[in-house]
Amino acid sequence: MKKLILVTSPPACGKTYVSKQLAKALKHVVYLDKDTLICLSKQIFKIAGEEYNRSSQFFEDNIRNYEYDAIVALALEALDYDDIVLINAPFTREIRDKAYIDGLKNKLREKDVALVVIWIETAIEVCRQRMISRNSDRDSWKLSHWDEYIAGCNFNIPSTLDDPKIKDDLLIFENSSDAEFNESLRYTVNMLESN
């Protein structure tokens, strides 16, 4: 059965690295990264005369949801041509929104595609250190307002997505150390390829 894989977590948990390593390990996969759309978003900030701040109300009102709509539309189209599409994106609200997930599952059912959510679990301090190390302008506000930013993040596993009758609908990928990463990669690939 074809699969749409959402690799999700709060920022700096290692989504991009994990996503790329999974995409390399799996067969017949299309890799999509929502960050590819940032160049378009930056242009929207510029044209609107707004400060580039992906934590701002302007971003919330005018950009955020459209980035998700675009990446999911690309994924649905790609599933017509390959067996697995993997999206690297936080989906922080969407994976906790039953109506959103049910709507996505309905679209996927029409294409005979299963939804798999891979939740990356990483210690908060490890995330902060990774954010500092990657030195990206998208993290400037987050790092300078760390307590406020982290208070708005939900690091809890979205366990409501787990249907006990489906073995690979929610997979937890532990990623606070190299050893955790290696074991999680092996386990996740085995789970995804075993059916």
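The values are calculated or read from the model by the stated rules, or taken from the named source; none is laboratory data. Bear in mind the structure is a predicted one, so any value in this text is a computation, not a measurement. In this analysis, Cβ positions are derived from the backbone assuming ideal geometry, glycine residues included, and neighbour counts consider all displayed protein chains.
Total residues in the stretch 127-167 satisfying the condition of being more than 18 Å from the chain's Cα centre (by Cα), part of a helix (DSSP H, G or I) and among the aliphatic types (A, V, I, L, M): the figure is 3.
Taken over the stretch 1-29, the criterion of being among the hydrophobic types (A, V, I, L, M, F, W, C) and surrounded by fewer than 18 Cβ atoms within 10 Å (Cβ to Cβ) is satisfied by M1, A25. Within the stretch 129-147, residues that are under 17 Å from F59 (Cα atoms) and modelled with pLDDT under 85 have Cβ atoms under 7 Å from residues that are of a type in the set (V, I, T) and surrounded by fewer than 13 Cβ atoms within 10 Å (Cβ to Cβ) in no pair, counting only partners at least 6 apart in sequence or on another chain. Within the stretch 107-128, the set of residues being hydrophobic (A, V, I, L, M, F, W, C) and either over 19 Å from S176 (Cα atoms) or touching a residue at least 40 places away in the same chain (Cβ under 8 Å) (or both) comprises L108, V113, A114, L115, V116, V117, I118, W119, I120, A123, V126, C127. Identify all residues within the stretch 68-91 that are under 15 Å from K3 (Cα atoms), crowded, with 17+ Cβ neighbours inside 10 Å and in contact with a Lys or Arg (Cβ under 6 Å, 6 or more places away or on another chain); write none if there are none. Listed by number, the residues that qualify are L79, I84, N88.
If you go through the stretch 100-125 and keep only what is under 18 Å from the mean Cα position of the chain (by Cα), more than 12 Å from P10 (Cα to Cα) and assigned to a helix (DSSP H, G or I), you end up with Y100, I101, D102, G103, L104, K105, L108.
With respect to the conditions (1) at pLDDT 95 or above; (2) surrounded by 12 or more Cβ atoms within 10 Å (Cβ to Cβ); (3) within 29 Å of K42 (Cβ to Cβ), V116 falls short on a single one, namely (3). Restricting D137, D97, D147, D163 to residues that are among the charged types (D, E, K, R), farther than 13 Å from C13 by Cβ and surrounded by 12 or more Cβ atoms within 10 Å (Cβ to Cβ) narrows the list to D97.
Among the residues of the stretch 127-134, is any of a type outside the set (G, A, S), exposed (fewer than 15 other Cβ atoms within 10 Å of the Cβ) and farther than 18 Å from T16 by Cβ? Looking through the stretch 127-134, none of the residues is of a type outside the set (G, A, S), exposed (fewer than 15 other Cβ atoms within 10 Å of the Cβ) and farther than 18 Å from T16 by Cβ.
Note on the stretch 168-195: residues that are in contact with a helix residue (DSSP H, G or I) (Cβ under 6 Å, 6 or more places away or on another chain) and in a strand (DSSP E or B) amount to 4.
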